1. Cα gyration tensor of the stretch 354-424, axes a ≥ b ≥ c as square roots of the eigenvalues: rounded (a/c below 1.5), prolate (a/b > b/c) or oblate?
2. How many percent of DSSP beta bridges within the chain run antiparallel, rounded to 5?
3. Which of rounded, prolate or oblate describes the stretch 407-536 when judged by the alpha-carbon gyration tensor and an a/c cut-off of 1.5?
4. Taking the Cα centroid of the stretch 308-328 and of the stretch 32-85, what is the distance between the two, rounded to the nearest whole Å?
5. Just order 219-225, 415-421 by mean Cβ neighbour count inside 10 Å, highest at the front, would you?
6. What percent does the relative contact order of the chain come to when contacts are Cα pairs within less than 8 Å and at least six residues apart?
7. Given R₀ = 45 Å, what would the calculated FRET efficiency be for residue 372 paired with residue 496, taking r from the Cβ atoms and rounding to 0.05?
8. In the stretch 353-384, which residues have a backbone nitrogen under 15 Å from the label point lying 7 Å from residue 409's Cα in the Cα-to-Cβ direction?
Ligand code: F6P
């Protein structure tokens, strides 16, 4: 069984070895790649060799991953701190049965899915209308998992978007809802309030604002609202008819919820058929995750590469770099998925973690990132493992030449990160440009790229609904595997609670109803300056 010390020792032992050296062996690329369906995952441009891979695979075996995976898919309550099962996979594997507390949950999942499809069709075709006629705009009000998934997916699947326009409001900053509602016609707008709990302050505040906006023009504002929630009592109290409430169970985590009711805005945008194609792609990834041996299992391999770089080599961040413009919101989505899931400092049993928690995840689509932060990735003092995502083809046949340029840039970046440029090479280039002496030496040093910087590439043919579903399921399972290996609960999020509580307690201080006794000096001084700036 591999220990964390074994992994760190291994990382230290190979730290100065150049990744490029590993390519002296001819077949490294296929040997350090894995394929499934439309996907090729290439992790050959990392410092992982056979010995390291064996260590990592043993780490996965020793973590009890196979049993924990079976427990998750089987409906066991693996979210122990909340006493809940974790069954987002049931939302996309619509056949069969899954028991939770001895009850088959699938008939209800299928019934809700059918109701969603019926409602989505009616909205798209005009069978359900606003009080001014056919729905032209849908506004999804939600935050975190009730926003990031559908918003990211609607952008990703823009070529399939043939329903009404979709807008997403999340921030409690009034500017957000103001700018979205401005220009919309209340009489032809459907507002979807997406909130698992139906208590989230940002969402409920925005929902109330939207209802007041609707009420100014429409006789029965509640009739143009739908709700996606586990809390049927609260949706009824808000005035939304049960026929437009789409419920789900507590075993769907917020950040894992776009496959069910929380995906309603997406379903209205692209239609139930393309939505189901997305589910099919995700279900195929689920089956692969359950069945493929660890050494060929994409989610397991992504997780092990992540563990190697973060807990093994000590690289604290991971850049996600989609060379696919429509995945522009993927890094933001993955920030919640990964950091809310695996940003934990204690293991399942409450003991301190022996290693660092999950990485800081960030990124932007290529090539935009190249003209912004790649400087640091290439020449900064810290190493940032990079994950490239690349579509071989775009959806715009008449712009194929642009897509080829995009692809060339992606491959060039991973090559440059690995190869780098030595001082000798930089000196030769600057000598050719006519420099010599001390100036040559000085200028050449600025043009050195240390290289040997690790990256992986996930290649797929084209961002279809099916491929997209597979990508997101891949990342979900990767987060699960990392969490199992770290021994943490990836499905709770206690770390978001304290700030929420303190924000509520600060309202009276900001309104001037309380002096803020018990608050620290900085918070009190800032509150008092804000009151003054607001003329209070
Ligand atoms: O505050 C974090 C969180 O609970 C997320 O996990 C969740 O996705 C988000 O808030 C929104 O919650 P809800 O869907 O209940 O409004």
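Computed from the coordinates by the stated procedures, all read-outs in this text should not be read as laboratory data. Here the structure is a predicted model, which means the values were calculated and not measured. Because the Cβ atoms are built from the backbone with ideal geometry, glycine has one as well, and the counts that use them run over all protein chains shown.
1. oblate
2. Percent antiparallel among DSSP bridges in the chain is about 30.
3. In terms of gyration-tensor shape, oblate.
4. Here the answer is 17 Å between Cα centres.
5. 415-421, 219-225
6. After rounding, I find 18 percent.
7. That pair, residue 372 with residue 496, gives E of 0.95.
8. 364-375
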